[in-house]
Every structure is written in C-alpha cells, then in structure tokens.
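Everything on this sheet refers to the single structure shown next.
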Amino acid sequence: MEKTYVIKGKVEPNWVLVDASQQNLGRLATRIASVLLGKHKPTYTPGVDIGDYVIVINASQLAFSPKRLETKWYHRHSGYPGGLTSTRLRDMMKTYPERVVRAAVWGMLPHNRMGRKLLKRLKIYAGNEHPHVAQNPRPML
C-alpha cells in the first residue's frame, strides 16, 4: 500500500522571474505551468497549493513562425447571439501580448477552482519593467 505524503505547516511561495524574449510560446507555457503548480519542488503533492509566483517580462518579444502568426486564431464570445469575435495571433501580439501568454498557460493548468487560483499568481508584462522588485524574484533557469 502506498503512503500519501502530506506537507506539515504553511509553505511560503517564492517569486520567479521569466524573460520571454525570443522564446517558444508552448515550451515557455509548460515551464510556467509547472512552477505555478509546484512540480519543481521535492514536496510536490497533487491537489495541494505549493507553487510559486511567476513574473513574465518581455511578453511582446515571443518568437513565432510567420505561418503561425497568420493561422492561429483566438475566439471570444460576448454571450449574445452573433457575438463571436475572432482575432489573429499577429493582432493579439500587437495589442495584448499578455493575453497570449495567459491563454497558453491557462490551457496547461487544471480547469477548476485551484487552476483559477494559480492563474492569479501569474504576472505578465509586455515590456522589461515590472513593479515586483521588492519581492526579490529569482530568475528561472
């Protein structure tokens, strides 16, 4: 019979800094989702919130192939009849590059209450500046 490991006490989350410049979106999103879930820690337990905060900078400098910029679409619906709005990846990267990263990471998190809580720990910025210097984030390797 397998024993279940249970963490005793409160786990303090760390802050991790990720530079997204010239990175592949999918590979970056999997690494971010893993850190949010806490899978990089030896005390990882499924269903327990032991992940870290993640700060993503330079989201507007992600690397995409020219074909991907034209063929990938993002859809959203207002809830009203005929309320479907579709946007190309190229246009999303020009206006809201943060939403591109957030959507990719959300697709790799559990779609439940815990996943929504973890997504709030993700801080994304299009440029190089971020207001979380006081938290002393360490760069992700």
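Numerical summary
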| item | result |
| --- | --- |
| Given (1) small (G, A, S); (2) more than 11 Å from the chain's Cα centre (by Cα); (3) in a helix (DSSP H, G or I), index of the condition S34 fails | (2) |
| Enumeration of residues in the stretch 65-101 that are part of a loop (DSSP other than H, G, I, E, B), out of contact with any His (no Cβ under 6 Å at 6 or more places or on another chain) and either in contact (Cβ under 8 Å) with a residue 12 or more places away in the chain or farther than 15 Å from L25 by Cα (or both) | K72, S78, G79, Y80, P81, G82 |
| Residue match in the stretch 103-110 (condition: within 26 Å of K10 (Cα to Cα) and β-branched (V, I, T)) | yes |
| Unmet criterion (only one of (1) surrounded by 12 or more Cβ atoms within 10 Å (Cβ to Cβ); (2) within 28 Å of V133 (Cβ to Cβ); (3) in contact (Cβ under 8 Å) with a residue 24 or more places away in the chain) for Q22 | (1) |
| Subset of the stretch 40-64 [assigned to a loop (DSSP other than H, G, I, E, B), surrounded by fewer than 15 Cβ atoms within 10 Å (Cβ to Cβ) and modelled with pLDDT of 95 or more] | none |
| From the options L36, L28, residue that is buried (at least 20 other Cβ atoms within 10 Å of the Cβ), at pLDDT 95 or above and out of contact with any helix residue (DSSP H, G or I) (no Cβ under 7 Å at 6 or more places or on another chain) | L28 |
| Counted residues, the stretch 107-127 - those being within 22 Å of A20 (Cα to Cα), out of contact with any helix residue (DSSP H, G or I) (no Cβ under 9 Å at 6 or more places or on another chain) and in contact (Cβ under 8 Å) with a residue 60 or more places away in the chain | 1 |
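The values are calculated or read from the model by the stated rules, or taken from the named source; none is laboratory data. Bear in mind the structure is a predicted one, so any value in this text is a computation, not a measurement. So basically every Cβ, Gly included, is an ideal-geometry build from the backbone, and we count neighbours across all protein chains shown.
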